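Q: Take this structure first; my questions come after.
Rule-based calculations on the coordinates, nothing more; no lab input. Predicted model only: the values in this text are computed from it and were never measured. We place every Cβ from the backbone using ideal geometry, glycine too, and count neighbours over all the protein chains shown.
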Amino acid sequence: MQKEEITLTFERMIETDIPELTKIMTRTFDHDAQTFLSQPRSGPPDYDTGEFLQKWAFKAGGHGWIIFAEGKIAGAFIIFVNPEKDYWLGNIFIDPDHQNHQIGTRTWKFIEATYPDARSWNLETPTWATRNHHFYEKLGFFRIKVEGEDTVYKKKLKE
């Protein structure tokens, strides 16, 4: 019997979404810290206060998006566009309860369809987050360098 596909929808983030998304972001990053680092908590600065989303999804010119699975918030992502069309995936996080259901892969397909003028995509992910590395490589990203604790990836689409 084939498993039924989860319905995904995407909406632009607004500032009143930050408290709920911060809870999910905190659970997601802390889950990764527990899984890969054997530490109770870890994430980028202010990931657990709402300041991270406030700064990057709105004030820094980011495009913040919410991922809904079956109508419930499952995660979010932030995109940065620039005139050179070398876009950045600022971050993507999916609640641990919603992981391993192809939500990340299907979200990436939505991102590429929503930003079709991108020449390339760039991102950074922690070097220790090996699950992230597998995910991005599966999507066609190539590791281009390691900077401190971060690994930088790129996906070229057009010359």
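Q: Taking N as the number of residues in the chain, what is its alpha-carbon radius of gyration divided by 2.2 N^0.38 Å?
A: With N residues counted in the chain, Rg over 2.2 N^0.38 Å equals 1.01.
Q: Working out 0.36 nm times the residue gap between residue 34 and residue 85, then minus their Cα-Cα distance, what length gain in nm do you get to one decimal?
A: 14.8 nm
Q: Also: Give the cross-link partners of residue 145 among the lysines, using a straight C-alpha distance below 30 Å as the criterion and excluding same-chain residues fewer than 8 apart.
A: 55, 59, 85, 109, 154, 155, 156, 158
Q: Here's another thing I want to ask about it. Using packing as a proxy for protection, rank 125-134, 107-116, 143-152 so that the peptide with the highest average count of other Cβ atoms within 10 Å comes first.
A: Top to bottom by mean Cβ count within 10 Å: 125-134, 107-116, 143-152.
Q: Kirkwood Rh over alpha-carbon pairs of the range 1-68, then Stokes-Einstein at 25 °C and 0.890 mPa s: what D in µm² s⁻¹, rounded to an integer?
A: Working: Rh = 13.4 Å.
Answer from the Stokes-Einstein relation: 183 µm²/s.
Q: Also, I was wondering about something else. Find the centroid of the Cα atoms in the range 97-134 and in the range 46-71, then give the distance between the two in whole Å.
A: 16 Å
Q: For the chain, with the dipole built from +1 on Lys and Arg beta-carbon atoms and -1 on Asp and Glu ones, taken about the Cα centre, which of 89, 24, 77 lies farthest toward the positive end?
A: Going by the Cα projections, it comes out as 89.
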